[in-house]
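Read through the structure below, which is laid out as structure tokens, and then see the notes.
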Amino acid sequence: MDSTINILDHNVINQIAAGEVIQRPASVVKELLENSIDALAKNIQINIENSGKTLIQVIDDGKGMNKKDAELSFQKHTTSKIKTTEDIQKISSMGFRGEALASISSIAEVELKTKTEKEEVGTYILIDNSKIKKNQPIGIKKGTSISVKNIFFNIPARKKFLKSDQLEMRKILEVFYQIAISHHNICFKLTHNNSNLYQLPSDNLKQRVIKLFGKKYNEKILPIEENTSIVNIKGFIGNPLDAKKTRGEQFLFVNNRFVKSPYLNHAIKSAMDNLINENKHPSYFIFLNTDPSLIDVNVHPNKTEIKFEDEKSIYQILQSTCKKSIGIYNITPSLDFSIEDSFEVPLHIQKSIPKEPKLSFNKDYNPFNLKKFDSKEDSIKLFKKDERNFVETVLNIDLNYAVCKLINNNSINIFDKKKCIQRIIYEETILKLSNGTQCKQFLIKPICVELNDIDIEVFNDNQKIIESLGYVIEKIEKNNIYISGVPNQIKRIESIQEDIESFIEEFKLGNNNLQEDLIKIIAKKFVKNLTLNNTSFNISETSGLKSIVNKLLNCKNPFIGIDEKPCFINLEPKNIFK
Ligand SMILES: Nc1ncnc2c1ncn2[C@@H]1O[C@H](COP(=O)(O)OP(=O)(O)OP(=O)(O)O)[C@@H](O)[C@H]1O
Ligand SMILES: [Mg+2]
């Protein structure tokens, strides 16, 4: 009987396995750099061409390989780093699976040149589709050079899934930052298409951070240190008051390995509790050192996920270490009196988990039972002068609330004046931004927004969208964007840096409805920063209150405030006295 099950060819097995280890050029960079580090290199050069799509070359001055090891290194499950099961319990090297080079050579053309201290001549090996095509002696210095060319040349489906050059290069830079920070004593040089991106001498951690992210980090980071029986903590946390909207500079290393841990990230952020806004992200460069037998790095093939035996204690120690540093350096927020009378939701409310409104209300309530309130046509009416009068009587209750009765309707409506105004201005702003009728305000002097290398790439990719919102970009010089005009709705010029950062976060999320979402962000920001005096509404006189209700009832979504809570509630006497 014919069998339908095939035993896969060695090459196919390798290619499937490679998918786990190598997802994109950045994964190759990570694996090659980790190998150079394990080989105790002091100098590492990385040459990239076309964002790694055509060439990734890593040259190191580490211990190199002899001829036999060089040949073996490309075979699956060959490693010099562990031997027995016990070794897995106490891994101190970056690599240990013996998989990276085998995976890489199954999805790209690889050229290896290597020599040890002892050998007179080195070894040159050329590999194509996992097969050695050339193997000959070569005269080189001690160390290893590996060139990986035309990644995924033999797997068109994977090649097709590579993203834009900018995005792939950004991913490479992310890996480069992770390794350059954790190994600040190693000299790195990074070139892209023959131009020099970074040349980093051996440095201490702080200097390395400054060389990568700019001089401003000199004042922006606070040292942290704690030694306990389960973990030693060292590094820097960014001043919480400088926290950014972008998630960029968050680096956590466990035994010098970069890890992603939402749990520990939470520990760091919660240490800054009252000093940091919910939607901002602190920067940090933190090293946890612990007994290798207390962690499991084998949870994910990329080794960026890690499992601690006693995660709860690590959480608490990390949190209190960060708190201590913030205490020592006496970071307290300065009060911004300019927003005292603003619509900004107080910090303590923003932080609390939103509760269901206690009063039940009908979201679709329409005082006249007319369908038209949610129609687009009607929302446009909002901006026409011949506004329809819906209000029969209106009465002020206090500074915040008023009641009204509508024409031809026997129920009473209570409304939150500020929230209603916010809703009106929010929708008005969205409309103006969407149809391009928003006015720009030109600044007397351009404002400089400074972004890191990754964020500037994201900005460049999306510059047109930002400009279409009303931002005027005068020039971009390296990591500085000079903005000479902003949408008229932006009132706080000081927040431009923050605004641009929050857009970049949205771009990174790769949202499909980007333009629409950005417009909502700008509109919300504008409304939040408004003070009552900046609006044309008069909330103490009957005519002003009537105008609020009339405008509100012309909104697309009239009964919900921009905080998603009701702003206009209807009470039917017959239902109340039931
Ligand atoms: N740059 C280098 N210098 C010296 N030896 C190297 C270098 N790169 C690789 N090797 C040798 O080749 C072996 C195989 O490398 P490979 O990256 O495939 O596996 P690994 O590093 O042991 O484990 P992992 O798959 O987790 O990375 C290594 O164990 C090491 O002995
Ligand atoms: Mg390796």
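The values are calculated or read from the model by the stated rules, or taken from the named source; none is laboratory data. None of the values given here were measured: they were computed from a predicted structure. Using ideal geometry, Cβ is built from the backbone for each residue, glycine included, and neighbour counts are taken over all protein chains shown. When the accessible area is computed, the model is the full protein with side chains, heavy atoms only, and any ligands, DNA or RNA have been set aside. Shrake-Rupley method; radii C 1.70, N 1.55, O 1.52, S 1.80 Å.
How large is the charge dipole for the chain, taken about the Cα centre, if only the Cβ atoms of Lys, Arg (+1) and Asp, Glu (-1) carry charge, to the nearest 20 debye?
580
Would you work out what percent of the accessible area of the chain, with all protein chains in place, is carbon or sulfur (probe 1.4 Å)?
Percent of accessible area from carbon and sulfur atoms in the chain: 51.
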Given Y426, Y315, G62, which one lies farthest toward the positive end of the charge dipole of the chain, if we put +1 on the Cβ of every Lys and Arg and -1 on the Cβ of every Asp and Glu?
Y426
Name the residue from N488, I548, I522 whose Cα lies farthest towards the positive end of the charge dipole of the range 423-578, charges +1 on Cβ of Lys and Arg and -1 on Cβ of Asp and Glu.
I548
Can you give me the angle between helix 10-21 and the longest principal axis of the chain, using Cα atoms only, in degrees from 0 to 90, rounded to the nearest 10?
50
Using the charge dipole of the chain (Lys, Arg: +1 at Cβ; Asp, Glu: -1 at Cβ; taken about the Cα centre), state which of N408, I104, L162 has its Cα farthest towards the positive end.
N408
Taking the chain and dividing mean pair separation by its residue count, relative contact order in percent (alpha carbons under 8 Å, at least six apart)
11
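Write down the accessible area per residue of the chain in Å², having rolled a 1.4 Å probe over the full set of protein chains.
Numbers: 29700 Å² over 578 residues.
Per-residue accessible area for the chain comes out at 51 Å².
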Please list, ordered by chain and number, the residues whose modelled amide H lies under 5 Å from the amide H of I138; skip anything fewer than 5 residues away on the same chain.
G122, T123, Y124
Sequence of R247, R170 from largest to smallest accessible area, 1.4 Å probe
R247, R170
Length released on extending from K324 to D9, taking residue separation times 0.36 nm less the Cα-Cα span
107.6 nm
Report relative contact order for the range 460-578 in percent, whole number only (criteria: Cα-Cα under 8 Å, sequence separation at least 6).
14
Out of the range 120-174, which GluC sites (Glu not before Pro) are coil in DSSP terms and have no more than 12 other C-beta atoms within 10 Å?
E120
Accessible heavy-atom area order of S182, S195, highest first, probe of 1.4 Å:
S195, S182
Find the all-direction average of the projected area of the Cα convex hull for the range 212-328, expressing the result in square nanometres with one decimal place.
7.3
Just how large is the dipole of the range 212-328 about the Cα centre, in debye to the nearest 20, putting +1 at every Lys and Arg Cβ and -1 at every Asp and Glu Cβ?
520
With only helices counted (DSSP H, runs n ≥ 4, each -39500 (n - 2.57)), the per-residue ellipticity at 222 nm for the chain, to the nearest 500, works out to -10000 deg cm²/dmol
Students sometimes get this wrong: rank H10, H184 by accessible area, probe 1.4 Å, all chains present, largest first.
H10, H184
Working from the pairwise distances between different alpha carbons, so that the mean of 1/r is found and then inverted, what is the chain's Kirkwood radius in Å?
27.9
Across every pair of different alpha-carbon atoms, what Kirkwood hydrodynamic radius in Å does the range 10-202 reach?
16.8
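Based on Cβ point charges of +1 for Lys and Arg and -1 for Asp and Glu, what charge dipole magnitude is obtained for the range 148-223 about its Cα centre, in debye rounded to the nearest 20?
180
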So the angle from the long Cα axis of helix 514-528 to the longest Cα principal axis of the chain, reported in degrees to the nearest 10, equals 50
In Å², nearest 10: area of I59 left accessible to a 1.4 Å probe
60
